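Worksheet: the structure to be examined is printed underneath.
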Amino acid sequence: MKRMKNSAMLGLAFALATGFLFTTAIQAKITKGKSRPMTTKQLMNGVVKAHCTALKKALDAGPADDKAWDAVALHAAILNESSFTLMDDGRCPDGVWAGAATKNLRAGTAAVLKAAEAKDVEAAKAGFKNVTQSCSACHKAHKPKKKK
């Protein structure tokens, strides 16, 4: 009986340690890539959030000339390119992240780029909706909740 109890306690300790190490490994991938110095938080704030915000403002204003459409295309192109960086250097921890980056973000920004070329505000807004859905899906799974 004592041997079973010790085995059970050892098994529980092993499971907890394995869970802790697995969680730590995932957090390490989320917070920073393996070899490059930029943190994921810096990437999100400096590149993704900055260009997503600028793109939303540009689309809400309704691009009125070629210069404004060029700005829309620039923001969409940088967001598209960031989807590759989000998958590179060991940052991707799971399928939620991968799907958001490789499917939704890439498809949404490609749609915005195509719409910008055609100067179609409604199509650009529809593509941008796909971009924001990628953000929501990933943030729901990975962004730490703010403490109140």
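The values are calculated or read from the model by the stated rules, or taken from the named source; none is laboratory data. As the structure is a prediction and not an experimental result, all values here were calculated from the model. Every residue, glycine among them, receives a Cβ derived from its backbone with ideal geometry; neighbour counts consider all protein chains shown.
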So if I check each of T24, T18, which one is polar (S, T, N, Q), over 21 Å from the mean Cα position of the chain (by Cα), modelled with pLDDT under 90 and over 27 Å from T132 (Cα atoms)?
T18
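Residues checked against (1) surrounded by fewer than 16 Cβ atoms within 10 Å (Cβ to Cβ); (2) within 20 Å of K32 (Cα to Cα); (3) out of contact with any His (no Cβ under 8 Å at 6 or more places or on another chain):
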residue	(1), (2), (3)
A50	yes, yes, yes
P63	no, no, yes
L79	no, yes, no
P93	no, yes, no
A126	yes, no, yes
N130	no, no, yes
A141	yes, yes, yes
For segment 140-148, indicate whether the set of residues that are within 27 Å of A58 (Cα to Cα) and either without any contact (Cβ under 8 Å) to a residue 60 or more places away in the chain or not aromatic (F, W, Y) (or both) is non-empty.
yes
Filtering segment 91-112 down to residues that are small (G, A, S) and within 16 Å of C52 (Cα to Cα), which residue is farthest from the chain's Cα centre (by Cα)?
A111
How do the pairs read when you match residues in segment 112-129 that are within 10 Å of A73 (Cβ to Cβ) and at pLDDT 95 or above with residues anywhere that are among the charged types (D, E, K, R) and assigned to a helix (DSSP H, G or I), using Cβ under 9 Å and keeping only pairs 6 or more apart or on different chains?
V112/K125; A115/E122; A115/K125; A116/D70; A124/K114
Quickly run through segment 53-73 and pick out the residues that are among the hydrophobic types (A, V, I, L, M, F, W, C), assigned to a helix (DSSP H, G or I) and either touching a residue at least 12 places away in the same chain (Cβ under 8 Å) or more than 16 Å from K114 (Cα to Cα) (or both).
A54, L55, A58, L59, A61, W69, A71, V72, A73
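Going by what's in this entry, would A50 be described as touching a helix residue (DSSP H, G or I) at 6+ places or on another chain (Cβ under 6 Å) and assigned to a helix (DSSP H, G or I)? Let's see the steps before the verdict.
On the way: touching a helix residue (DSSP H, G or I) at 6+ places or on another chain (Cβ under 6 Å): no; assigned to a helix (DSSP H, G or I): yes.
No.
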